[in-house]
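Let me begin by presenting the structure, written as structure tokens, before commenting on it.
The values are calculated or read from the model by the stated rules, or taken from the named source; none is laboratory data. Keep in mind that what you see is a predicted model, and the values were worked out from it rather than measured. In this analysis, Cβ positions are derived from the backbone assuming ideal geometry, glycine residues included, and neighbour counts consider all displayed protein chains. When the accessible area is computed, the model is the full protein with side chains, heavy atoms only, and any ligands, DNA or RNA have been set aside. Shrake-Rupley method; radii C 1.70, N 1.55, O 1.52, S 1.80 Å.
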Amino acid sequence: YIALKAHNAKQRYLDIIKDKFKLGLFLGRLASDGSYNYNCTDGSSYIRQIIAEHEFSIIPELESVGKLLGFRTDVKPYVRKGRNEKMAYMNASSVTMTNEISMLDIKHSIHDNIFMDTKLLRGFISGFFDGDGGISGDRSVVLTFGTQYDFTELINDLQKALAFFGIASY
């Protein structure tokens, strides 16, 4: 009998973050500009926050949460092939935390547990808009979605969340 231990077998859980707004911000950013993969081909799991150069000012706030969760920040910005903007990455490897985030399914919807906590929901919306939102014209705030998924459920959830805070959206 040989026991193998994944290099990322450290148990980390989201509830270590006591500030619900900051946790929501972190999850919202992950939902908009991050990725997570559970049980990769080599048995590992990872979570990655992706920060574009024009968003570098948020790195200290993300790091304050990320450090508690075992994230490391690659301070050497990368320039993606075919683009000019530098990128920074925050990475964590933890099967338990990746599983927990996968169960929340934040890439496709806002989980009921997030809706049930006003501070967590407020942070999630803030993080999501920080990652994929922008200003268009004089007054419009817009969100941009990619084409890799059907985002209808997530868009409906975001509209419900905004309505909860008295913000009309279309």
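For the stretch 90-110, give me the residue count where each residue is in a loop (DSSP other than H, G, I, E, B), surrounded by 17 or more Cβ atoms within 10 Å (Cβ to Cβ) and either among the aliphatic types (A, V, I, L, M) or within 13 Å of the chain's Cα centre (by Cα) (or both). So that I can check it myself, show each step before the final result.
To start, the set of residues in the stretch 90-110 that are in a loop (DSSP other than H, G, I, E, B) comprises 93-94, 105-110.
The next check asks that each one be surrounded by 17 or more Cβ atoms within 10 Å (Cβ to Cβ); those that pass are 93-94, 106-107, 109-110.
Among the residues that remain, those that are also either among the aliphatic types (A, V, I, L, M) or within 13 Å of the chain's Cα centre (by Cα) (or both) are: 106-107, 109-110.
Counting residues in the stretch 90-110 that are in a loop (DSSP other than H, G, I, E, B), surrounded by 17 or more Cβ atoms within 10 Å (Cβ to Cβ) and either among the aliphatic types (A, V, I, L, M) or within 13 Å of the chain's Cα centre (by Cα) (or both) gives 4.
Residues are listed down the side, and each one gets a yes or a no for (1) buried (at least 16 other Cβ atoms within 10 Å of the Cβ); (2) part of a loop (DSSP other than H, G, I, E, B):
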| residue | (1), (2) |
| --- | --- |
| Ile114 | yes, no |
| Arg122 | yes, no |
| Gly134 | no, no |
| Val141 | no, no |
| Gly146 | no, yes |
| Leu154 | yes, no |
| Leu158 | yes, no |
| Tyr170 | no, yes |
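Could you grab me the full set of residues in the stretch 54-89 that are open to solvent by 80 Å² or more (accessible area, probe 1.4 Å) and either on the phi > 0 side of the Ramachandran plot or not in a loop (DSSP other than H, G, I, E, B) (or both)?
Scanning the stretch 54-89 gives His54, Ser57, Pro60, Arg72, Val75, Lys76, Tyr78, Val79, Gly82, Lys86.
Report the residue count in the stretch 13-38 for those that are open to solvent by less than 30 Å² (accessible area, probe 1.4 Å) and closer than 20 Å to Ile51 by Cα.
The total comes to 11.
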